[in-house]
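Colleague: Can you keep this structure in mind? I'll have questions shortly.
The values are calculated or read from the model by the stated rules, or taken from the named source; none is laboratory data. A quick note: this is a predicted structure, and the numbers were derived from the prediction, not measured. Virtual Cβ from ideal backbone geometry, glycine too; neighbours counted across all protein chains shown. In case anyone asks, the SASA skips ligands and DNA or RNA and just uses the protein heavy atoms, side chains included. Shrake-Rupley method; radii C 1.70, N 1.55, O 1.52, S 1.80 Å.
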Amino acid sequence: MNKKELLLDQLAACRNEGSWMQPLSIALEGLSSTDAVWRPNAGSHSISEILYHLHHWNERWLKLYLGEKLPPSEESNASTFVHNPFTAAQQWTELVEKLDRGLAEWQQAVEHSSEEKLQERIPDFPEDALWWQALSNLCTHNSYHIGQIIYIRKLQGSWNRKDSAS
């Protein structure tokens, strides 16, 4: 398996193909907008805040990967966890669809990439990193937060997957 195949496998596992973990599509399945903004305590993030955070970083890195020039980010990582009490269930649905679309765009970008592109250094990045390393970390980042989402759902009692230990 080459790096491209490995990254495509990781992206699919994060997005919608079950693996050793539940993918985002299953982690969010049947979740209401009301449950999405629930927090176990004041110091924790809600599922919707986690989704805003994931969307922010997945989109920003995808634009960079596709060669788009990004303005310097003055945001802190903490500010990407946007608190948005939904006024309509449709807003929640749109956020879920936006994140899924972004992951699909990542899959497409990697599918159309060469192995050479994945071996390139990330331009204007303060660290000496290659694209395949950053994309692998992006998948790990998504996986980490998917686990948080499932844990929050278990705490609130909205996780009803009988076919899974996760």
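Colleague: Tell me the label only: which of (1) 114; (2) 125; (3) 102 is volume of the Cα convex hull per residue in Å³ as calculated from this structure?
Modeller: (2)
Colleague: In the chain, if the dipole is taken from +1 on Lys/Arg beta carbons and -1 on Asp/Glu beta carbons about the Cα centre, which of Asn84, Leu11, Ser158 is farthest to the positive end?
Modeller: Toward the positive end, the furthest listed residue is Ser158.
Colleague: Give the ranking of His55, His145, His83 by solvent-accessible surface, highest area first, calculated with a 1.4 Å probe.
Modeller: Output order, biggest surface exposure first: His83, His55, His145.
Colleague: Among Asp35, Asp124, Asp100, determine the one that fluctuates most according to a GNM of the chain built with springs between C-alpha atoms less than 10 Å apart.
Modeller: For the chain, modelled as a Gaussian network with Cα springs under 10 Å, the answer is Asp124.
Colleague: Only Cα pairs under 8 Å and at least 6 apart count here; give the relative contact order of region 21-92 as a rounded whole percent.
Modeller: Taking the mean separation of contacting Cα pairs over the length of region 21-92, I get 39 percent.
Colleague: Residues of region 36-166: accessible area per residue at 1.4 Å, in Å²?
Modeller: I get 57 Å² per residue for this part.
Colleague: Which one of Gln22, Trp106, Ser32 is farthest out on the positive end of the charge dipole of the chain, using unit charges on Cβ (Lys, Arg +1; Asp, Glu -1) and the Cα centre as origin?
Modeller: Sorting the options by dipole projection puts first Ser32.
Colleague: Using protein chains only and a probe of 1.4 angstrom, how many square angstrom of Leu138 are accessible, to the nearest 10?
Modeller: The value for Leu138 is about 20 Å².
Colleague: While we're looking at this one, here's another question. Please state the charge dipole magnitude for the chain, taken about the Cα centre, from unit charges on C-beta atoms (+1 on K and R, -1 on D and E), reported in debye and rounded to the nearest 20.
Modeller: The calculation lands at about 500 debye.
Colleague: In percent, what relative contact order does the chain have, based on Cα pairs under 8 Å that are 6 or more apart in sequence?
Modeller: Averaging sequence separation for qualifying contacts and normalising by length gives 34 percent for the chain.
Colleague: Now a separate question. If you line up the long axis of helix 47-65 against the longest principal axis of the chain, both from Cα atoms, how many degrees apart are they, to the nearest 10?
Modeller: 10
Colleague: At 222 nm, what value in deg cm²/dmol follows for the chain if DSSP H runs of at least 4 each add -39500 (n - 2.57) and the sum is divided by all its residues, to the nearest 500?
Modeller: So the calculated ellipticity at 222 nm is -18000 deg cm²/dmol.
Colleague: If a/c stays under 1.5 just call it rounded; otherwise compare a/b with b/c (prolate if a/b is bigger, oblate if not). Do that for region 1-71, with a ≥ b ≥ c from the square roots of the Cα gyration tensor eigenvalues.
Modeller: Details: a/c = 2.83, a/b = 1.35, b/c = 2.10.
Oblate is the answer for region 1-71, as a/c is 1.5 or above yet b/c matches or exceeds a/b.
Colleague: While we're on this one: Add +1 for every Lys or Arg and -1 for every Asp or Glu among the other residues with Cβ under 13 Å from the Cβ of Pro85, and state the total.
Modeller: -1
Colleague: Relative to the longest principal Cα axis of the chain, at what angle does helix 131-156 sit, 0 to 90 degrees, rounded to 10?
Modeller: 0
Colleague: Right, something else. At 1.4 Å probe size, what's the solvent-accessible area of Tyr144? Round to the nearest 10 Å².
Modeller: Surface open to solvent at Tyr144 totals about 140 Å².
Colleague: Just to confirm the number: angle between the C-alpha axis of helix 89-111 and the first principal axis of the chain, 0 to 90 degrees, nearest 10?
Modeller: In the chain, helix 89-111 runs at an angle near 20 degrees to the longest axis.
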